[in-house]
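Here the structure comes first, spelled out in C-alpha cells, and everything after it is commentary.
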Amino acid sequence: DGSLRWKKERDRGIFKAWDLFRLLAPKRRTHSLYAAMIDAFGSIGKEGIAVGLLDLADNHGLTPNLAMFNAALRSCRSVEAVTDVRAKMLARRIRGNSATKKLLERAAAGADLTQNYKYFK
C-alpha cells in the first residue's frame, strides 16, 4: 500500500534526522533545531520522545523557549502530557501565545489531541 510505504519512509527520515541531531555537540543544537525535532517526533506519535527533548535541551544548558514548548504541546496525545508540558512552561515563566492558548483549550475541551498536527502545522 502506498500510504503505508510513505509512512515508513517518513518515519525512517525522522530517525535519520535524529541520528544526525545526536551527532551534533549539544552546544551546537539551537532552539529551532530542538523545536523541529520535537515537531518531527510529535508528527509520528512519539509523544514521549518529543516531550523528553525539552528536558534534554535543559540538561544540555539550553533553556526551552516558547517555540519548543508549543511544539511539545502539539506532540501531546494525552491531557496528562499537556499538563506536564504546561507545568514546565509555568516553572520557567514562559508566557504562551495564541497558539499555546488554542492547544490548551483543545486539551481542556477533551478534543482528539492526535489531530493537533492537522490544525497546528
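The values are calculated or read from the model by the stated rules, or taken from the named source; none is laboratory data. Model, not experiment: these values are computed from the prediction. All Cβ positions, even for glycine, are placed from backbone atoms using ideal geometry, and neighbour counts span all protein chains on display. When the accessible area is computed, the model is the full protein with side chains, heavy atoms only, and any ligands, DNA or RNA have been set aside. Shrake-Rupley method; radii C 1.70, N 1.55, O 1.52, S 1.80 Å.
Of the residues that sit in the range 18-32 and are assigned to a helix (DSSP H, G or I) and in contact with a His (Cβ under 9 Å, 6 or more places away or on another chain), which one is most open to solvent (accessible area, probe 1.4 Å)?
Step one: filter the range 18-32 for residues assigned to a helix (DSSP H, G or I), giving 18-23, 26-28, 31-32.
Filter once more, so that each one left must be in contact with a His (Cβ under 9 Å, 6 or more places away or on another chain): 26-27.
Values: PRO26: 52, LYS27: 185 Å².
Per the stated criteria, the residue is LYS27.
So LEU62 clears everything in (1) part of a loop (DSSP other than H, G, I, E, B); (2) within 12 Å of the chain's Cα centre (by Cα) except one condition, right? Which one?
In the conditions (1) part of a loop (DSSP other than H, G, I, E, B); (2) within 12 Å of the chain's Cα centre (by Cα), LEU62 misses (2) alone.
Among the hydroxyl-bearing types (Ser, Thr, Tyr) and surrounded by 14 or more Cβ atoms within 10 Å (Cβ to Cβ): which single residue out of THR114, THR100 fits that description? It would help to see each step written out before you state the result.
Numbers: THR114 fails: surrounded by 14 or more Cβ atoms within 10 Å (Cβ to Cβ).
The match here is THR100.
Can you name the number of the only condition in (1) within 17 Å of GLN115 (Cα to Cα); (2) part of a helix (DSSP H, G or I) that GLY45 fails?
(2)
Taking the range 40-79, which residues are touching a Ser or Thr at 6+ places or on another chain (Cβ under 7 Å) and among the charged types (D, E, K, R)?
Hits for the range 40-79 are GLU47, ARG77.
Which ones in the range 50-91 are open to solvent by 50 Å² or more (accessible area, probe 1.4 Å) and under 16 Å from ASN116 (Cβ atoms)?
Selection gives ALA67, ARG77, VAL79, GLU80, THR83, ASP84, ARG86.
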